[in-house]
Amino acid sequence: MSKILMVISAATSLKLADGSTHPTGYWAEEVAASHKVLKAAGADVDIATPAGVRPTVDALSLSEQGGVSEADAEEFRTYLAGIAEELSTPLVLSEVTVGDYDAIYIPGGHAPMADLVQDADLGRLLNEADAQGKTVAALCHGAAGLLSATENDGSFTFAGRALTSFTDEEESQGGLGENAPFLVENRLRAEGAVLQTGAAWSNTVVVDGNLITGQNPQSSTSTADAVLKTLAG
């Protein structure tokens, strides 16, 4: 049985480019759909957050305003309610040992842009996992968490690697637009990653060896499937 560490942001607010504060959290579909696929395949999934803080779901991810139908929102609410105990008592990220896991999985929502992007404990785990050839996966804005991983010289650990993320186009169309604190796709490119993005809102997953990335919420199930396929292989 594969053991997977799902690292979820603990941030509840995000400082925007104009200096204002915007409520945030994890994106419901990305956690619920990913967790469901992984568990259905028999994987053991542990949830961890910075300081072991209970993560908060982004209200937008359960509303039509966030582009989510009421039927889908109800499905996600139901699933999240079923794992409420796990979400309420996450592991403390700094206390996690990467050797206990076969893969690290980072779902998004804008929240990772507030804390995971610079979390030293996540950076340590990602560097150790990558060095050991363990699977590293990030979904949507969760790819911002990859930026926490740097080499001794300060360079980006995943520079030169093919990956995808929530795109600048998607941020403009359905995200925070110009008021985002930074654009994830643009930032990853600037750090040397090789971005391979699909059409806006398409189900797009990029696999580069042990690194697996999904572009947006629509890619949640496929990203989890790709992780399972890699672990099985």
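Mean Kyte-Doolittle of at least -1.0 plus a Cα span of 30 Å or more along the axis: flag which DSSP H helices in the chain meet both, please.
Helices passing the filter in the chain: none found.
Rounded to the nearest whole Å³, what is the per residue volume of the convex hull around the Cα atoms of the range 100-233?
Each residue corresponds to 95 Å³ of Cα convex hull volume.
So for the chain, averaging the separation of alpha carbon pairs under 8 Å that are six or more residues apart and normalising by length, what relative contact order in percent results?
21 percent
For the range 141-233, what is the accessible area per residue in Å², given a 1.4 Å probe and the full set of protein chains?
41 Å²
Once fully extended, how much extra length lies between residue 199 and residue 78, figured as 0.36 nm per residue of separation less the alpha-carbon to alpha-carbon distance?
Stretched fully, the residue 199-residue 78 segment lengthens by 40.5 nm.
When the accessible area of the chain is computed with all protein chains present and a 1.4 Å probe, what percentage of it is carbon and sulfur?
Ligands and nucleic acids excluded, carbon and sulfur give 46 percent.
Report, largest value first, the span of the C-alpha coordinates of the range 1-141 along each principal axis, in whole Å.
41, 38, 23
Can you send over the solvent-accessible area of residue 35, 1.4 Å probe, protein chains only, in Å² to the nearest 10?
About 0 Å², rounded to the nearest 10.
Taking all protein chains together and a probe of 1.4 Å, list 34, 155 from the most accessible to the least accessible.
If we order 34, 155 from most to least accessible, we get 155, 34.
Tell me the relative contact order for the range 66-145 as a rounded percent, counting alpha carbon contacts under 8 Å between residues six or more apart.
This gives 36 percent for the range 66-145.
The values are calculated or read from the model by the stated rules, or taken from the named source; none is laboratory data. Please read all numbers here as calculations on a predicted model, not as lab measurements. Note: accessible area is taken over every heavy atom of the protein model, side chains too, but ligands, DNA and RNA are not part of it. Shrake-Rupley method; radii C 1.70, N 1.55, O 1.52, S 1.80 Å.
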